[in-house]
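K.L.:
Can you read through this structure? Questions will come right after.
The values are calculated or read from the model by the stated rules, or taken from the named source; none is laboratory data. Since the model is a prediction, treat every value here as computed from it, not as a measurement. Note: ideal-geometry Cβ built from the backbone for every residue, glycine included; neighbour counts use all protein chains shown. When the accessible area is computed, the model is the full protein with side chains, heavy atoms only, and any ligands, DNA or RNA have been set aside. Shrake-Rupley method; radii C 1.70, N 1.55, O 1.52, S 1.80 Å.
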Amino acid sequence: MALVLTFLGKGGVGRTTVAIAAAKKLAQAGQKVLVLGQDPSLAWQWGTTLSETAQGVEANIDGLLLSSTHLLERGWEKLKEVEAQYLRSPALKNIYGEELGVLPGMDEVLVLNALREYELSGRYDVLIYDGPGNLSTLRMLGIPEIASWYWRRFQKVLADSEVVQTLSPFVQPVASAVLSVNWSPDQMLNHPDGPQNLLQQGKTAIADPSRFAAYLVTSTDALAQKTAQSYWGGAQQVGITVKGVIQTPLGSGSVDASLFNPLAMAALPAYSQGNWQPLMDALPNPQAMGSAPRPLEIDVNARQVKIFLPGFDKRQVKLTQSGPELTIEAGDQRRNIDLPGNLRGKAVAGAKFQGGYLIVSF
């Protein structure tokens, strides 16, 4: 499995430059790297040509531009193949992927799935995603977490539904005849290869710093620093480990290191056209684990849940409890924490905000 690496920060701070330099640094160390982006400026800045297919750019580095229309077309044709495999009279056979347009919200799902496929392909050691680096990137990476909650809740609603119970005697024979599987309604809702398993795999990957990590990128401008800090807090809500801060020499001013404490900070020299080595030397090793704070820690013995929320104070954080889950709202993001067995159903006894952590006791 590959490490997926991305960079968060305000537009214009040099995220794409950092992504290319990181790819070169890793490739120089013998790692096989794939760089993926959606903006053609990635190719322009690199001084190369990229297409929708991964191609060699230099030693140990492949690159490609993610095209939502291309990804949608490819995914649709796969869906038609699956339908034709299980249904006697496929209903989608006359709808072609080349005809489909991209609706709002599709981009994030398509790109996230592409990252998943390349990460699992076994062809690369590191994937570097040069995306928007803002809240849209965080929302994309939060899809497994949010979709998992919807599935958990609506799966229960469907299982308890009178309609499903009424149709239950008919589901198994119909599924057997049409889909060639012998599933009851309960088995269809809880099948190990079903949506919940796929979403759980996504959540696990994003929460594992050896498989997914981010760096904040900021210039010396005060606004860029505050923006990077806010994305740090948002990344914690999604469950991503932010390993450090990369400061580019752009802007005028000085960096307030206290905004990013306790993250390590690396300052990059000015980039001279075609001379990448000084930037590569100044970058931290993205594969090093470091000592970055984990977004979520659950101590069952101490009956505590610790959520790291840098950049927020207690007035900006809302804590609610409903059923077995704990909901944390910070800024414009909400996270539902599925509590482990020993804490599930226990009422919150207290909560405090300390050192950037929301500490909840049961």
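K.L.:
G274 passes all but one of (1) under 30 Å from Q45 (Cα atoms); (2) open to solvent by less than 70 Å² (accessible area, probe 1.4 Å); (3) in contact with a helix residue (DSSP H, G or I) (Cβ under 8 Å, 6 or more places away or on another chain); which number fails?
P.N.:
Unmet condition: (3).
K.L.:
Also, I was wondering about something else. Yes or no: the stretch 180-200 includes at least one residue that is in a helix (DSSP H, G or I), modelled with pLDDT under 90, among the polar types (S, T, N, Q) and open to solvent by less than 60 Å² (accessible area, probe 1.4 Å). Full working, then the answer.
P.N.:
The first filter runs over the stretch 180-200 and keeps only residues in a helix (DSSP H, G or I), leaving 185-190, 195-200.
Those left that are additionally modelled with pLDDT under 90: 185-190, 195-200.
Add one more test, that the residue is among the polar types (S, T, N, Q), and what stays is 187, 190, 196-197, 200.
Next cut, open to solvent by less than 60 Å² (accessible area, probe 1.4 Å) only: 196.
The answer is yes, given that some residue of the stretch 180-200 is in a helix (DSSP H, G or I), modelled with pLDDT under 90, among the polar types (S, T, N, Q) and open to solvent by less than 60 Å² (accessible area, probe 1.4 Å).
K.L.:
Can you name every residue in the stretch 270-296 that is closer than 16 Å to I240 by Cβ and over 21 Å from the mean Cα position of the chain (by Cα)?
P.N.:
Answer for the stretch 270-296, where residues must be closer than 16 Å to I240 by Cβ and over 21 Å from the mean Cα position of the chain (by Cα): there is none.
K.L.:
Could you tell me whether K32 is over 22 Å from E108 (Cβ atoms), open to solvent by less than 60 Å² (accessible area, probe 1.4 Å) and basic (K, R)? Please lay out each step first, then the result.
P.N.:
On the way: over 22 Å from E108 (Cβ atoms): yes; open to solvent by less than 60 Å² (accessible area, probe 1.4 Å): no; basic (K, R): yes.
When the stated conditions are applied, K32 does not pass them.
K.L.:
Restricting to the stretch 331-350, and then to whatever is outside any loop (DSSP other than H, G, I, E, B) and open to solvent by less than 60 Å² (accessible area, probe 1.4 Å), can you tell me which residue is farthest from L138 (Cα to Cα)?
P.N.:
Taking the stretch 331-350 first, the residues outside any loop (DSSP other than H, G, I, E, B) are 333-338, 350.
Applying the additional criterion that residues be open to solvent by less than 60 Å² (accessible area, probe 1.4 Å) yields 333, 335-337, 350.
On the way: Q333: 9, R335: 12, N336: 15, I337: 17, G350: 29 Å.
The residue in question is G350.
K.L.:
Test of understanding: among N94, N113, which residue is at pLDDT 70 or above and more than 28 Å from L3 (Cα to Cα)? Break it down stepwise before answering.
P.N.:
On the way: N113 fails: more than 28 Å from L3 (Cα to Cα).
N94 is the lone residue from the list that is at pLDDT 70 or above and more than 28 Å from L3 (Cα to Cα).
K.L.:
OK, next. Restricting the search to the stretch 312-330, which residues are open to solvent by 60 Å² or more (accessible area, probe 1.4 Å) and under 22 Å from the mean Cα position of the chain (by Cα)?
P.N.:
none
K.L.:
Hey, could you check the stretch 106-155 for residues that are farther than 17 Å from L42 by Cβ and of a type in the set (S, T, N, Q) and say which is least open to solvent (accessible area, probe 1.4 Å)?
P.N.:
Filtering first and then ranking leaves S148.
K.L.:
Kindly list the number of the only condition in (1) in contact with a helix residue (DSSP H, G or I) (Cβ under 8 Å, 6 or more places away or on another chain); (2) open to solvent by 60 Å² or more (accessible area, probe 1.4 Å); (3) hydrophobic (A, V, I, L, M, F, W, C); (4) without any contact (Cβ under 8 Å) to a residue 60 or more places away in the chain that fails for M1.
P.N.:
(4)
K.L.:
Can you tell me which residue among F353, F308 is on the phi < 0 side of the Ramachandran plot, out of contact with any Pro (no Cβ under 8 Å at 6 or more places or on another chain) and either open to solvent by 70 Å² or more (accessible area, probe 1.4 Å) or of a type in the set (F, W, Y) (or both)? Full working, then the answer.
P.N.:
Values: F308 fails: out of contact with any Pro (no Cβ under 8 Å at 6 or more places or on another chain).
Just a single option satisfies the conditions, and that option is F353.
K.L.:
Now a separate question. Take the stretch 325-348 and flag every residue that is without any contact (Cβ under 8 Å) to a residue 24 or more places away in the chain and more than 30 Å from L135 (Cα to Cα). Let's see the steps before the verdict.
P.N.:
First, the residues of the stretch 325-348 that are without any contact (Cβ under 8 Å) to a residue 24 or more places away in the chain: 327, 329, 341, 344-345.
G341, R344, G345 - these are the residues of the stretch 325-348 that are without any contact (Cβ under 8 Å) to a residue 24 or more places away in the chain and more than 30 Å from L135 (Cα to Cα).
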